[in-house]
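Visitor: Can you keep this structure in mind? I'll have questions shortly.
The values are calculated or read from the model by the stated rules, or taken from the named source; none is laboratory data. Nothing here was measured: the structure is a model prediction, and the numbers come from that model. Cβ sites come from the backbone with ideal geometry, for glycine too, and all protein chains shown count toward neighbours. Surface areas here come from the heavy atoms of the whole protein model, side chains and all, with no ligands, DNA or RNA. Shrake-Rupley method; radii C 1.70, N 1.55, O 1.52, S 1.80 Å.
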Amino acid sequence: MEKPDTIADALATPDKDMPYASLGLTDDEYQQIYDLLGRRPTNAELAMYSVMWSEHCSYKSSKKHLGEQFGAKTTEDMRKNLLVGMGQNAGVVDIGQGWAVTFKVESHNHPSFVEPYQGAATGVGGIVRDIISMGARPVAVMDQLRFGAPEHPDTARVVKGVVSGVGGYGNCLGLPNIGGEAEFDPSYQGNPLVNALCIGVLRHEDIHLANAEGVGNKVVLFGARTGGDGIGGASILASETFEDGMPAKRPSVQVGDPFMEKVLIEACLELFEAEIVEGIQDLGAAGISCSTSELASNGGSGMHVHLENVLLRDPTLTAGEILMSESQERMMAVVAPENMERFNEILARWDVESAVVGEVTGDGRLTIDHFGHRIVDVDPKTVAHDGPVYDRPYVKPQWQDALQAATVQATGLSRPATAEDLTTAVRQVCVQDPNQASKNWITDQYDRYVQGATALAQPDDAGVIRVDENTNLGVALATDANGWFTKLDPYAGAQQALAESYRNVCTVGARPMAITDCLNFGSPEDTDAMWQLVQAMTGLADGCKTLGIPVTGGNVSLYNSSGAVKGAIDSSINPTPVIGMLGVMQDVRRAVPSGFDTEGLAVVLLGETRAELDGSAWARTVHKHLGGLPPRVDFAAEVALGNVLIALAEADSVISEGGVGSNAEQKGNPAETRLLRASHDCSNGGLAQVLVDMTTRFGVGGSFDLSAASQANSIDLFTLLFSETQARAVVAVREADLEAVFAAAQAEGVQATRIGTSGGELLTIEGPGLPQAGAGEDHSDKESALGNVFEPGEGGPRTLLSFDVAQIAKESSEVLAKLF
């Protein structure tokens, strides 16, 4: 075996050239390491610093702004339900009745482009292990996906691999996938986004933090053996741009084994329950380099490691490769010596291998020996937490003003002139476009109901999971992002994502409590992308403070760029801040679905509608146009709407009080007695999309007259259908409960307009005549090929659209299946 580069060697050869640049370190960073150590680093130390000081692990370009925004703007009142905040593996929130939930979203973007299946699968595995390490049982996952243009020849490779990876890993773990998003845009062609979220449940007293404390305690590595897969994987891949379509450095993408992960879950939970571990840290990005340095740094102690004790799949690995390997399904535990026998018994029962690789010391140093040779001697804080922090320059892009000036109105985009044109637009935007079409082709590959605790799942507005079987206490989760709006205005776009996730949680009847976020942006070395990041973080932090919603933690993913030319409008992905909103429900049996499940329901539009078409699905789909300013975000209006939705979801129908239709069976079932029968927020695709979604959800049609809504908002039918004004939702109740909706809305100052009734096999939409129609031509007897009639009525021309619900549901569900 070749003699390793030791501390003694480093002292004896201070001027030896070190390959720091090839590991992603700059000249200044290498000099900083040299100054910290008072000598050149050994090969192993250089490997550790390179991965831990990478952008992905150190947050060196965003840390300054994270502190200034989320740290400084989080009030004590916002922290009142936080049991664990930012800085640990995942945040923990008190949801009442002695229960807590921990949840977090992270990215695995770059590996998922190189090897889509394993990149996505190991992204799920990594976030699940973060949840395990807090002492929680994982109960559900979600995924936020962004892909390139559907017609691009490489998109199918990425889509198929990612979806199979997410589903394959999650299904094998037995975790329901309860929601997410999948969208397509050319900006993601070489930089797809794969953001995975996991949520776990635990009792308050079961919270565990990953700290190495207690001098003499053993450090144990357990789970899968360490191999050559993933050496520098996420830590390096996620810290550089892709040029010519692939990374310049080609580290192996990690290879996942969900069955090993499943036994790790059970083994870890039993170890925690037996109270024989001081803490457990997962091995994700940066592998042993990360786990040893973070455990030692968090514990304020020291650690000595015998690297030769690490169980290997590949015996040829060098010390540096062992430290950098990102092999999956590995955990590191701190165990008191007297508990080792019991620790080993539990792992043996689960057939999990382990090895004692070190012990906790009290000297404040992290030292690592390899076959008796000292190869690492560092202050762990300098590796894990005190890396470089950059205040990178950022400037508003030169192209931003022109982009915002290119509004729908200024560019004169043509609008439907006839009922047939409007029908075509509804189909094109809401049924046929991959971004708005049904995602059944994706979600049908996921198990959404395994474990039997899922109350709602996609395509409903939020996923809902029961936490307590006896009380039916549960949580709702919604994930949202709009890269198009954020491109137009990063500050407002980030706030829109926050507002929509807030609204979606309220829509199912839950009370919003906290968020996790994943900020996906371009290269921080590009002043344009850095400006977008700072603006978005500022907008998000301001929005959270306004709503009183804390950030529990999350992830920043940078270098999502082509890397070719900086400063161009297409140099980076659409900036995509993903928000995961957590809400609490006292009884998940009251969770409100997003569609009509019965006929005869009164349907009401809540909230005002303005002429806000910039960045809309209509402009992008019909005209391939992106420009202008995104819809205005009004958090006061969002809170008011949310209060109405929650009040209606928590109220009982008059039938439960002896009214018409009441019976003993209904009185005993909250799903039957709740007042709110269906609820869906207005977002991408506007009101038109809502009506398509609500009718196709369960195959129950509806008849809608939008005349009153058009008049109340002083806008035409086309604008009412496709505007993406925020703070709106459509609800459905029994006729007997209609007055309760108006009363609740009036109490909060929310506009409420009856727009129709559910029932039948058709979706019909009627309203005032289109502005361009009716002048100089009689359309009263003109029937289109799609069976839609433009006809005059009392008070002026009328427009009538008609869709076969079963037909558009089938057409929508086939869009992705035909593409991929």
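Visitor: Could you work out the mean projected area of the convex hull around the alpha carbons of region 506-629, in square nanometres to one decimal? Show your work: numbers first, answer last.
Guide: Details: hull surface 45.3 nm².
Averaged projected hull area, Cα only: 11.3 nm².
Visitor: For the Cα atoms of the chain, what angle does the longest principal axis make with the long axis of helix 116-133, in degrees from 0 to 90, nearest 10?
Guide: Taking Cα atoms only, the helix is inclined about 80 degrees.
Visitor: Just the ratio, please: alpha-carbon radius of gyration of region 285-431 over 2.2 N^0.38 Å, N its number of residues.
Guide: For region 285-431, the normalised Cα radius of gyration is 1.92.
Visitor: So how many Å³ per residue does the convex hull of the Cα atoms of region 368-493 work out to?
Guide: Numbers: hull volume 39.5 nm³, N = 126.
About 314 Å³ per residue, rounded to a whole number.
Visitor: Compute the acute angle (0 to 90°) between the alpha-carbon long axis of helix 27-37 and the principal axis of greatest extent of the alpha-carbon atoms of the chain; round to the nearest 10°.
Guide: Roughly 50 degrees, rounded to the nearest 10.
Visitor: Choose one of Val114, Leu648, Leu66: the residue whose Cα lies farthest towards the positive end of the charge dipole of the chain (beta-carbon charges +1 Lys, Arg; -1 Asp, Glu; about the Cα centre).
Guide: Leu66
Visitor: A further question follows. How large is the translational diffusion coefficient of region 121-190 in µm² per second when you combine the Kirkwood radius over alpha carbon pairs with Stokes-Einstein at 10 °C and 1.306 mPa s?
Guide: 121 µm²/s
Visitor: So, by mean Cβ neighbours within 10 angstrom, what's the order for 515-522, 634-641 with the highest one leading?
Guide: Put in order of decreasing packing, that is 515-522, 634-641.
Visitor: Just the number please: accessible area per residue for the chain, 1.4 Å probe, all protein chains included, in Å².
Guide: 34 Å²
Visitor: Over the chain, what is the percentage of antiparallel beta bridges among all DSSP beta bridges, to the nearest 5?
Guide: Taking every DSSP beta bridge with both residues in the chain, the antiparallel ones total about 85 percent.
Visitor: Still on this model: Pop out the carbon and sulfur fraction of the accessible area of the chain as a percent, whole number, probe 1.4 Å.
Guide: On the chain, the fraction of accessible area on carbon and sulfur atoms equals 49 percent.
Visitor: Moving to a separate point now. Using mean Cβ contacts within 10 Å as the protection proxy, how do 304-311, 646-653 order, highest first?
Guide: Descending packing order for the listed peptides: 646-653, 304-311.
Visitor: Can you compute the charge dipole magnitude of the chain about its Cα centre, using +1 on each Lys and Arg Cβ and -1 on each Asp and Glu Cβ, nothing else charged? Give it in debye, rounded to the nearest 20.
Guide: The dipole of the chain has a size of about 260 debye.
Visitor: To continue, here is another question. So what's the net charge close to Ile579: Lys and Arg +1, Asp and Glu -1, counting the other residues with Cβ under 10 Å from its Cβ?
Guide: Details: positive: none; negative: Asp480, Glu500, Asp517.
Residues close to Ile579 contribute a combined charge of -3.
Visitor: On C-alpha positions alone, give me the angle between the axis of helix 635-650 and the longest principal axis of the chain, in degrees, nearest 10.
Guide: 80 degrees
Visitor: OK, next. Excluding Ala529 itself, what net charge comes from residues whose Cβ is under 10 Å from its Cβ, given Lys and Arg +1 and Asp and Glu -1?
Guide: Once all neighbours under 10 Å are counted, the net charge is -1.
Visitor: Moving to a separate point now. If you wrap a convex hull around the alpha carbons of region 684-740, what volume per residue comes out, as a whole number of Å³?
Guide: For region 684-740, the hull spanned by Cα atoms encloses 106 Å³ per residue.
Visitor: Related question: State the Kirkwood hydrodynamic radius of region 39-104 in Å, one decimal place, computed from all pairs of distinct Cα atoms.
Guide: Result for region 39-104, one decimal place: 14.7 Å.
Visitor: Give the Cα extents of region 344-435 along the principal axes, in whole Å, largest first.
Guide: Result, largest extent first: 81, 47, 21 Å.
Visitor: Turning to a different aspect of this structure: So what is the 222 nm mean residue ellipticity for the chain from helices alone, if each DSSP H run of at least 4 adds -39500 (n - 2.57) and you divide by all residues, rounding to the nearest 500 deg cm²/dmol?
Guide: -10000 deg cm²/dmol
Visitor: Which of the peptides 490-500, 334-344, 75-85 is most tightly packed, and how do the rest follow, judged by the mean count of other Cβ atoms within 10 Å per residue?
Guide: So the order, starting with the most tightly packed, is 490-500, 334-344, 75-85.
Visitor: Still on this structure, I have one more. Taking a cut-off of 19 Å, what percent of all Cα-Cα pairs in region 1-71 are separated by more than that?
Guide: More than 19 Å apart: 40 percent of the Cα pairs in region 1-71.
Visitor: Under a Cβ-Cβ cut-off of 11 Å, what is the net charge of the residues other than Glu278 that fall near it, where Lys and Arg count +1 and Asp and Glu count -1? Don't jump to the answer; show the numbers that get you there.
Guide: Numbers: positive: Lys218; negative: Glu213, Glu275.
So the environment of Glu278 carries a net charge of -1.
Visitor: Same structure, new question: Would you mind computing Rg(Cα) / (2.2 N^0.38 Å) for the chain, counting N as its residues? If you can, show how the numbers build up before the last one.
Guide: Details: Rg = 27.8 Å, N = 820, 2.2 N^0.38 = 28.2 Å.
After normalising by residue count via 2.2 N^0.38 Å, the value is 0.99.
Visitor: Under 10 °C and 1.306 mPa s, how fast does region 46-191 diffuse according to Stokes-Einstein, given a Kirkwood radius computed over C-alpha pairs? Answer in µm²/s, whole number.
Guide: 91 µm²/s
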